[in-house]
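A short write-up of the structure that comes next.
The values are calculated or read from the model by the stated rules, or taken from the named source; none is laboratory data. The structure presented is a predicted model; accordingly, all values stated were derived computationally and were not measured. All Cβ positions, glycine included, derive from the backbone under ideal geometry; neighbour counts span all protein chains shown. Keep in mind that these areas ignore ligands, DNA and RNA; they rest on the heavy atoms of the full protein, side chains included. Shrake-Rupley method; radii C 1.70, N 1.55, O 1.52, S 1.80 Å.
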Amino acid sequence: MELVEAMRTTGTCRYFSDEPVPDDVLYKAFDSARFGPQGGNRQPVRWIVVRDQAKKQRLAELYLPYWDAYFNAIAGGGVNVGALPETVRSADHFARHLAEHPALVIACAEIEGLHVTDADLDRVSVVGGGSIYPTVQNFCLALRDQGVGSAVTTLLCHEEPKVRELLHIPDGFLTACHIAVGYPAKGFPKKLTRTPVEQIVGLDDFATPMFS
Ligand SMILES: Cc1cc2nc3c(=O)[nH]c(=O)nc-3n(C[C@H](O)[C@H](O)[C@H](O)COP(=O)(O)O)c2cc1C
């Protein structure tokens, strides 16, 4: 499919059909994903595709308490999912059916392979992720190109030690995100909600809009 259309319609898919995603479709997606950039071209990213039902179940059990806490924070302690916006309702459905999604793909990265140039600043460090998440987005785009949906999640990163144990991830590797993958049960979005260009680009100065 056309690149810009793929970029504009690769939303978070939270309803999947039961149809398995064939190996050759995943292969093609990983094959394109690996062209993502990384600092120093160190190629730190490794993937695990989880299809095993017991392992998906365990990942779902680990995910749900974090989702519930997040959900309760949003809902102010209420549980009336129907009264909440569609995104939260779909995220709640997604969380409660995590073990049923056709595949859960874990993006891992070799810590030594990350060139973390902001590690010493007095703020949260993000540069390490710059060698991982472009590759993850390539993966999602390459799936979209083949009619496959994806949902990038990070709540399970809270439980990285348990995930590492479950999937035998070696020392020296981190988990960057967990991507649910499958054919969308409700199609792809026509229009994603994002901040307009006019509000996010400065010219020569942070506060001077480049476009108006
Ligand atoms: C870094 C990152 C972490 C995310 N973590 C979660 C998550 O743990 N659970 C979840 O349901 N969605 C997660 N999402 C999906 C976002 O909620 C989603 O991208 C956002 O609501 C926009 O949705 P849309 O692409 O459908 O418009 C995550 C997305 C990103 C990029």
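Taking the conditions (1) acidic (Asp, Glu); (2) touching a residue at least 12 places away in the same chain (Cβ under 8 Å); (3) over 23 Å from Pro20 (Cα atoms) in turn, Asp92 satisfies each one other than (3).
Could you tell me which residue of region 1-19 is least open to solvent (accessible area, probe 1.4 Å), considering only residues that are charged (D, E, K, R) and either in contact (Cβ under 8 Å) with a residue 12 or more places away in the chain or in a helix (DSSP H, G or I) (or both)? Among them, the one singled out is Arg14.
Every test in (1) over 19 Å from Met7 (Cβ atoms); (2) open to solvent by less than 10 Å² (accessible area, probe 1.4 Å) is passed by Gly149 save one, and that test is (1). Taking first residues from region 152-174 that are part of a helix (DSSP H, G or I) and partners that are open to solvent by 50 Å² or more (accessible area, probe 1.4 Å), the Cβ contacts under 6 Å between residues at least 6 apart in sequence or on separate chains come to Leu155/Tyr66; His158/Tyr66; Leu166/Arg58.
The helices (runs of 4 or more DSSP H) found entirely in region 20-122 that carry 3 or more residues being open to solvent by 70 Å² or more (accessible area, probe 1.4 Å), more than 14 Å from the ligand (Cβ to nearest atom) and farther than 19 Å from Glu165 by Cα are 23-33. Determine whether Ile169 is among the aliphatic types (A, V, I, L, M), open to solvent by less than 50 Å² (accessible area, probe 1.4 Å), modelled with pLDDT of 95 or more and within 18 Å of the chain's Cα centre (by Cα). No; evaluated as a whole, the condition is false for this residue.
Taking every residue in region 101-128 that is over 21 Å from Gln43 (Cα atoms) and pairing it with any residue that is acidic (Asp, Glu), at least 6 positions away or on another chain, the pairs with Cβ-Cβ distances below 9 Å are Pro102/Asp18; Pro102/Glu19; Val124/Asp118. Taken together, Ala180, Ala185 contain a single residue that is closer than 23 Å to Ala107 by Cα and either open to solvent by 50 Å² or more (accessible area, probe 1.4 Å) or within 12 Å of the ligand (Cβ to nearest atom) (or both), which is Ala180.
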